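Asker: Mind looking over this structure? Questions follow.
The values are calculated or read from the model by the stated rules, or taken from the named source; none is laboratory data. On a predicted model such as this, the values are computed, not experimentally measured, just so you know. Glycine gets a Cβ as well: all are built from the backbone with ideal geometry, and neighbour counts include every protein chain shown.
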Amino acid sequence: MTAERTWLPSSSHWGAFRAATDADGTLHVEPHPADPAPSPLLGNVPGTVRHRTRVQRPAIRRGWLDNGPGPTDARGDEEFVEVSWDTALDLVAEQLDRTRREHGNEAIFGGSYGWSSAGRFHHAQSQLHRFHNTIGGYTASRNNYSFGTSQALLPHLVGSTGVLLDHADSWQTLREHTDLVVAFGGLPGKNLSIASGGITRHTGSAALRDLGTDLVVISPLADDIPTGSGATWLPVEPGTDVALQLGLAHTLLTGGHHDQEFLDRCCTGFDVFADYLLGEHDGTAKSAEWAAAICGIAAADIRALAARMTAGRTLITVSWSLQRTEHGEQPVWAGLALAAMLGQIGLPGGGFGHGYGSMASIGDDAPALRLPTLPMGHNPVPTFIPVARIADLLLNPGQQYDYDGRRLTYPDIRLVHWAGGNPFHHHQDLNRLRRAFGRPDTVVVQETHWTATARHADVVLPATVALEREDVGAGYRDSHLIAMHQVLEPFGEARNDYDILAGLAQRLGVHEEFTQGRTPREWLVHLYDQWRGNLAAKGHDIPTFAEFWAAGDLQMPDVHPQAPLRAFRADPQRNPLRTPSGRIELFSETIESFGYPDCPGHPVWLPPQQQRGGPLHLIANQPATRLHGQGDVGALSQQAKVAGREAIRIHPRDAAARGISDGDVVRVFNHLGACLAGARVTEDVRPGVVVLPTGAWFDPQPDPVRPGETLCAHGNPNVLTADVPSSRLSQGCSGQHAYVEVELHTGPVPELRCSTPPLADS
Ligand SMILES: Nc1nc2c(c(=O)[nH]1)N[C@H]1C(S)=C(S)[C@@H](COP(=O)(O)OP(=O)(O)OC[C@H]3O[C@@H](n4cnc5c(=O)[nH]c(N)nc54)[C@H](O)[C@@H]3O)O[C@H]1N2
Ligand SMILES: Nc1nc2c(c(=O)[nH]1)N[C@H]1C(S)=C(S)[C@@H](COP(=O)(O)OP(=O)(O)OC[C@H]3O[C@@H](n4cnc5c(=O)[nH]c(N)nc54)[C@H](O)[C@@H]3O)O[C@H]1N2
Ligand SMILES: [Mo]
């Protein structure tokens, strides 16, 4: 039987694969043969693409259809009515036009943050931006949820984010040169499934099987330790890594183990930082004892680690999760300062890393080159928000706020247009986000599935999934470019985002401008030929499109730019960083001049300010069994649920104190909201810490026990996270942490509604 299957190449953010369908429609997927460690997330694909939550036809919220556009608190509670494509596109085009005429293009929010699917052409967010640029522009969003805090911070410290993120030493370089890796946030293997845009060879997942270096994992969670690594585990109190880093720095300084020559030659501002460590101005020495009292790691262990760090080639790496918190700038900056004191920044396998264990692209040694890219045109509207300020934007038009030394004002948004993202997955304080989504006149969402965001829209336009169209796929640092063939017919009446937007462009008189007269296949050939031409000009010969398409993939040409920190270290005068001083800024006059108490001019310990809505520290990290909300209905994700809810992990001590046993349905709550989850009792978490990963589809329902209250029946942690920025510098997402209480759920357990489309009976 197997021999008869026709396998076609495709790709995803969790890996390249090939797919085939049987006569009865059953979909099979197999990893790319070159992948040494394929991702288990492929297991979600078959069950997701034809799930009953696929959006089948254009649909309109009843109240919007009957009463027209306007603010309302009915979004998310009302049923939808299916309509024809012509009706839906006519109505959306009319509202786009009305909004820009009456309120200006600034009143359209087209930021549309989200991961969408792999594929360089059909990338929904890029398509949406290109479309809005042809109709006069939109209010945009800047930075990402992944490392948005670092995106604001690092340019001040090292000149750009790319200096660290695009040029990380490979796992192989670590294996050859590094004696010790000190990983703040650990090296969670689960995260190495993923690279934005795709990944053909999971070299990071393979490397974790035998790292070849000593390893210290600093994390409240044991599964951030690679299996069999023999790592030292320091189960730090969440949110206190900065204290530990300062304690280490103080130990190095007072012991005279810092590299003064490197600090003088390559850095600026160490004197200010050293004064802070010694307590010259605040009277508090940031000693190992001081740190121990805050972070829960014994002073002797801190001193022992400091000694280990000076014994050989040491890489200090800080995961992205640490900056997705209040004051998230500080662990990045303090980690960089610690690495600077060791004097190994710019040496192979030494210095500072940011995001090892966060994403597969960090540490991959595949080629690094520009990929075929859809041109997005120019946005004539200058207005933007830092991406995680979405609820503030909708709730507070006209309000001023700080961002990276600037004073910005929220515009008045009348129309929200989202494609390829799920703010009701990614944003914090979802009950507040629901109120925010009540403010605009119109919310348009292009989605493949009935996600929570689609349910909070007025108009839902069904999009194809990647397997239902042709594309070319690769991530940054991918070994291959994949010819993504069409494997399935579009589901129901679903259309490609490109075709949806072309339909709107047609109605707004910009069809030619948007499409350039090309079919999707003609765009693929066009983008590929351009890319091929650019590579040829640099001496790289790659196959024609026809050859590439027939072969199913091609190997990327061998492009390996030199790491800028190597050249910088070798000669900081001739190869300065793009910082004001040209050097690594351990004290930044620029940041100091902003006068932000929540992000002063050098790394500092700042305790979290948010209200403690409960005694337990919740970690809302990335899920091991899916990508964000994508694939939650798939087999791998479903198998890991407990009592049909997302699993929350809790230490036996904390569970016993609450009468909770493994497998129980529990209520997790604080002052912001509540959700149900399934208890997993385990010693793998530090006492006082619970872990509820992101990505269970938000399912707001009346609380079965407390009349008048709502809860998420499924276990989405973003009903519990506060919508507070990391700081005024970055306005970054701080969703990784929250404070909660957990109790046994005693009432009836509600059926999930998120797996049934919210449609009126036809
Ligand atoms: N509490 C907490 N919250 C977090 C985080 C955290 O650590 N803690 N992490 C944050 C991070 S790092 C991130 S990156 C975000 C992720 O947030 P998102 O990127 O918004 O999450 P996804 O579930 O990937 O959403 C992508 C959506 O695009 C849809 N889609 C896929 N393909 C297509 C297509 O071809 N066309 C269209 N129109 N739609 C498509 C999918 O169905 C899915 O709903 O979450 C953030 N949220
Ligand atoms: N399987 C899977 N992989 C993914 C994703 C996914 O959705 N699924 N998403 C991808 C995306 S978009 C991104 S941006 C990256 C994100 O990469 P990260 O942000 O690094 O990933 P997280 O899993 O959120 O967090 C990593 C670990 O940090 C630890 N941690 C949390 N708080 C603290 C703390 O205060 N101190 C210390 N020392 N450790 C702490 C947690 O135990 C957690 O397991 O992951 C990517 N990889
Ligand atoms: Mo992310």
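Asker: Based on this model, can you work out whether residue 287 counts as among the hydroxyl-bearing types (Ser, Thr, Tyr) and buried (at least 22 other Cβ atoms within 10 Å of the Cβ)?
Answerer: In short, no.
Asker: If the requirement is being of a type in the set (A, V, I, L, M, F, W, C), away from ligand 2 (no atom under 16 Å from the Cβ) and outside any helix (DSSP H, G or I), which of these qualifies: 168, 140?
Answerer: 140
Asker: A further question on this structure: Every residue in region 375-411 that is of a type in the set (Ser, Thr, Tyr), part of a strand (DSSP E or B) and either more than 22 Å from the chain's Cα centre (by Cα) or within 15 Å of residue 109 (Cβ to Cβ) (or both), please.
Answerer: Passing the criteria: 401, 409.
Asker: Could you check, for region 741-760, whether at least one of its residues is farther than 21 Å from residue 434 by Cβ, within 16 Å of ligand 1 (Cβ to nearest atom) and either among the β-branched types (Val, Ile, Thr) or part of a loop (DSSP other than H, G, I, E, B) (or both)?
Answerer: Within region 741-760 (the criterion being farther than 21 Å from residue 434 by Cβ, within 16 Å of ligand 1 (Cβ to nearest atom) and either among the β-branched types (Val, Ile, Thr) or part of a loop (DSSP other than H, G, I, E, B) (or both)), the answer is no, since none of the residues qualifies.
Asker: Among the numbered criteria (1) part of a helix (DSSP H, G or I); (2) under 26 Å from residue 587 (Cβ atoms); (3) away from ligand 3 (no atom under 16 Å from the Cβ), which single criterion is violated by residue 308?
Answerer: (2)
Asker: Let me ask something else. Residue under question is residue 444, and the condition is that it be of a type outside the set (Lys, Arg), over 22 Å from the mean Cα position of the chain (by Cα) and outside any loop (DSSP other than H, G, I, E, B); does it hold?
Answerer: Considered against the rule, which asks whether it is of a type outside the set (Lys, Arg), over 22 Å from the mean Cα position of the chain (by Cα) and outside any loop (DSSP other than H, G, I, E, B), residue 444 comes out as yes.
Asker: Considering only residues that are part of a loop (DSSP other than H, G, I, E, B) and aliphatic (A, V, I, L, M), look in region 447-472 and name the one that is nearest to ligand 2 (Cβ to nearest atom).
Answerer: The qualifying residue nearest to ligand 2 (Cβ to nearest atom) is 465.
Asker: Looking for something in a helix (DSSP H, G or I) and more than 23 Å from residue 476 (Cβ to Cβ) - is there at least one such residue anywhere in region 4-17?
Answerer: yes
Asker: Let me ask another. Could you run through region 419-430 and say how many residues are away from ligand 2 (no atom under 16 Å from the Cβ), in a helix (DSSP H, G or I) and over 12 Å from residue 456 (Cβ atoms)?
Answerer: So the count comes out to 0.
Asker: A further question follows. How about region 113-132: which of its residues are part of a loop (DSSP other than H, G, I, E, B) and either within 16 Å of ligand 2 (Cβ to nearest atom) or outside the structural domain of residue 473 (by TED's automatic domain parsing) (or both)?
Answerer: Selection gives 113, 114, 115, 116, 117, 118, 123.
Asker: Restricting to region 159-183, name every residue that is among the aliphatic types (A, V, I, L, M) and either within 16 Å of ligand 1 (Cβ to nearest atom) or more than 22 Å from the chain's Cα centre (by Cα) (or both).
Answerer: 165, 174, 180, 181, 182
Asker: I'd like the full set of residues that are farther than 30 Å from residue 12 by Cβ, in contact with a Pro (Cβ under 9 Å, 6 or more places away or on another chain) and either of a type in the set (D, E, K, R) or part of a helix (DSSP H, G or I) (or both), limited to region 624-661.
Answerer: The answer is 652, 653, 654.
Asker: Only one residue in 315, 336, 322 is within 16 Å of ligand 3 (Cβ to nearest atom), crowded, with 24+ Cβ neighbours inside 10 Å and not in a loop (DSSP other than H, G, I, E, B), so which one is that?
Answerer: 322
Asker: May I ask you to verify whether residue 137 is in contact (Cβ under 8 Å) with a residue 24 or more places away in the chain, more than 30 Å from residue 575 (Cβ to Cβ), surrounded by fewer than 23 Cβ atoms within 10 Å (Cβ to Cβ) and touching a His at 6+ places or on another chain (Cβ under 9 Å)?
Answerer: Yes, satisfied.
Asker: So, one more: Restrict the check to region 440-453 and report whether at least one residue is at pLDDT 95 or above, away from ligand 3 (no atom under 16 Å from the Cβ), surrounded by 24 or more Cβ atoms within 10 Å (Cβ to Cβ) and of a type in the set (Gly, Ala, Ser).
Answerer: yes
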